[in-house]
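Notes follow the structure.
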Ligand code: G4P
């Protein structure tokens, strides 16, 4: 039988983070092209679009030209199996992105060479830093005029406080891209164009003498810059990379495919393979132990004609085999896995087996929630995925009170899936629940689904609350009646005090230092 530890060693499970338009989609397509998963770059998008026409549930997706649903792409590369976890590509940050990152072992941060670090890059970077996810940096769009290479590495160091270790260095300024020097070997990789990068870029490897002959001054300028880098000690260090303290940097152009292979090689060679995951006690479960995994995302209605629900589970140990009956740790109930799928883009295929690092999609896993563990004996429970600290709060009311039952059911479902967090006033119960989110988009998804799927269109009114603190019964009693504050209960029982302004909160904190007003996890990254 296949050894899960050996299979795990071949896996690289990673995500791409970027500000919209930096080139995440293009790079993903090119990875698939280089991985041999598609013959012609552009196929992925086309396939997605065809699918989108069929999908009514995410009309929004089409209207706004964004991708709300994230998917998992698995493809072979050399002797490795790469699992690319796609994070939602919209401008708005949402809890989904955070959850997807909880399942990744590494991430590629894509920057646009002319924009450098943008707001969304910063926010996503903070999440990676908090989770200590090793980060590779790809400076994209080098085929267009942009900033200077050294300026960009300085920007990463200063803005993110992350040391840079350039592995490739561009020959030719942004806009006049000739090739890349691989600092590890000293080779000069010179590129030749293919039409819009539909096929792999032509690459010629030159030694320094030949490089100088063909690209003269541009080559020498790059060599000079590399000498500068060497003087400041920016050589690659695997340990610093794995500790998420320094990032290897790659330059390229996803559009023309320049530098894509070198980046993909780095994912295969440098990114860590799945490691034994610590359980709630902190004990790592060996990779070769029987199957275990945790759900990092639950997605309803990917296919409107089925109205179903998929739980995405990252395998942490053992071999998963379709049809095996596993235990659902939270309920202790057996769970059949006859309907296990691999989800490639928007397409599904039945999945027969999976190993640590892989993601399986379990269809109609109605009881499985984000953070839940599934296992084969011996039992294990992995730590949950902490809820992001919400910064947007809106009250939901059914437009038609006659459909309150449907409304209530819908809210409960959205809460369970983690589309939004649901807070209730103890006195009001299910009347006027408060929806809490980190991005506006989460409300739009909630609203669309309440109307289309549960048949109860809702009015969602934004409130002025902007910050939440975890509180207790005693402090709740003290806060009662104060203006600009409300205490509500989240469905996991946590009491949250909502404040309209951070100044008001600070004032209360300084007047009453003995009150319980604790920060939520991951605070300050959203917004
Ligand atoms: P995203 O997923 O991060 O939002 O970015 P996406 O890949 O969709 O890329 C955004 C735009 O940037 C696209 O142009 C894409 O073609 C372009 N782009 C991506 N990589 C490069 C690159 O290396 N060089 C250059 N010059 N452009 C790049 P668009 O006009 O919005 O779309 P399209 O008509 O080209 O598809």
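Nothing in this text is a laboratory measurement; each read-out follows from the coordinates by a stated rule. Keep in mind that this is a model prediction, so the values were computed, not measured. Here the Cβ positions follow ideal geometry from the backbone for every residue, glycine too, while neighbour counts run over all protein chains shown.
Results, tabulated for the structure shown:
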| quantity | calculated |
| --- | --- |
| Modelled FRET efficiency - R0 35 Å, residue 239 with residue 366, Cβ distances, 0.05 increments | 0.20 |
| Residue 397 versus residue 157: modelled label distance in nm, points set 7 Å from Cα along the beta carbon direction | 5.7 |
| Gap separating the Cα centres of region 357-399 and region 424-480, nearest whole Å | 19 |
| Shape of region 250-335, Cα gyration tensor, a/c cut at 1.5 | oblate |
| Cα-based shape type of region 392-511, given that a ≥ b ≥ c are square roots of the gyration tensor eigenvalues and the cut on a/c is 1.5 | prolate |
| Stretch gain in nm, segment residue 217-residue 199, where the contour uses 0.36 nm per residue and the Cα spacing is subtracted | 3.6 nm |
| Highest-first arrangement of 123-133, 497-507, 9-19, where packing means the average Cβ count within 10 Å | 9-19, 123-133, 497-507 |
| Förster radius 35 Å - calculated FRET efficiency between residue 511 and residue 129 (Cβ-Cβ, nearest 0.05) | 0.55 |
| Virtual spin-label span in nm between residue 452 and residue 192, 7 Å along Cα→Cβ | 4.8 |
| Estimated inter-spin distance, residue 209 and residue 280, nm [label 7 Å along Cα→Cβ] | 6.7 |
| Gain on full stretching of the segment that runs from residue 226 to residue 350 - 0.36 nm per residue minus C-alpha separation | 39.8 nm |
| Length-normalised contact order for the chain - Cα pairs under 8 Å, 6+ apart - percent | 14 |
| Helix 24-34 vs. the chain, principal-axis angle (Cα, 0 to 90°, nearest 10) | 50 |
| Helix 502-511 vs. the chain, principal-axis angle (Cα, 0 to 90°, nearest 10) | 60 |
| Cα centroid separation - region 203-237 against region 1-37, whole Å | 29 |
| Calculated over the chain: convex hull of Cα atoms, volume per residue (Å³) | 160 |
| Highest-first arrangement of 157-164, 423-430, 359-366, where packing means the average Cβ count within 10 Å | 359-366, 157-164, 423-430 |
| Packing-based order for 225-238, 96-109, 447-460, using average beta carbon neighbours within 10 Å, highest first | 96-109, 447-460, 225-238 |
| Rounded to 10°, Cα long-axis angle of helix 260-270 versus longest principal axis of the chain | 70 |
| Region 156-214: equivalent-ellipsoid semi-axes (sqrt of 5 x gyration tensor eigenvalues, Cα, Å) | 24, 17, 11 |
| Sites residue 462 and residue 518 - FRET efficiency at Förster radius 22 Å, r taken between beta-carbons, to 0.05 | 0.30 |
